[in-house]
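Structure first, commentary second.
The values are calculated or read from the model by the stated rules, or taken from the named source; none is laboratory data. Bear in mind that the values here come from a model prediction, so they are computed numbers and not experimental data. Cβ: placed from backbone, ideal geometry, glycine included. Neighbour counts: every protein chain shown. Accessible surface is based on the protein model in full, side chains and every heavy atom, while ligands, DNA and RNA are left aside. Shrake-Rupley method; radii C 1.70, N 1.55, O 1.52, S 1.80 Å.
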Amino acid sequence: VKELYNIENTNILMLTKKVNKNNTSGHKGVSWNISHKKWETYIYLNYKRIHLGFYDLLEDAVVARKLAENKYHKPIIDEFFKK
């Protein structure tokens, strides 16, 4: 069954799941970095974490994450649901 939800070494269920309840930012891939004292954004693709940057404002970090989702995740999700 695991293979049914994988495309390009990426698990579709992980891309489409909701935010974890212990998430403090309220957004997937956005967290507070204590050492930099900034919001850090990241996205996972092909079992690798891609660092998207550090931001002073949460809103800027969320925008960066959404842009990355459109760039990296959307094509994979679209391909999966095209089947």
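Would you be able to tell me the number of residues in the stretch 55-74 that are of a type outside the set (Lys, Arg), open to solvent by 70 Å² or more (accessible area, probe 1.4 Å) and more than 19 Å from Val19 (Cα to Cα)?
Our first condition is that a residue be of a type outside the set (Lys, Arg); within the stretch 55-74, this holds for 55-64, 67-70, 72-73.
Subset that is open to solvent by 70 Å² or more (accessible area, probe 1.4 Å): 56-57, 59-60, 63, 67, 70.
Retained after the next criterion (residues that are more than 19 Å from Val19 (Cα to Cα)): 56-57.
Total satisfying the criteria: 2.
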- Item | Every residue from the stretch 34-83 that is charged (D, E, K, R), in contact with a Phe, Trp or Tyr (Cβ under 8 Å, 6 or more places away or on another chain), over 22 Å from Asn11 (Cβ atoms) and not in a helix (DSSP H, G or I) | Lys38, Glu40, Asp56
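On the given criteria, is Lys38 free of Cβ contacts under 8 Å to residues at least 24 places away in the same chain, surrounded by fewer than 15 Cβ atoms within 10 Å (Cβ to Cβ), on the phi < 0 side of the Ramachandran plot and among the basic types (Lys, Arg)? Lay out the reasoning, then the answer.
Values: free of Cβ contacts under 8 Å to residues at least 24 places away in the same chain: yes; surrounded by fewer than 15 Cβ atoms within 10 Å (Cβ to Cβ): no; on the phi < 0 side of the Ramachandran plot: yes; among the basic types (Lys, Arg): yes.
No.
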- Kindly check whether there is at least one residue in the stretch 17-25 that is at pLDDT below 80, open to solvent by less than 90 Å² (accessible area, probe 1.4 Å) and either not hydrophobic (A, V, I, L, M, F, W, C) or not in a strand (DSSP E or B) (or both). yes
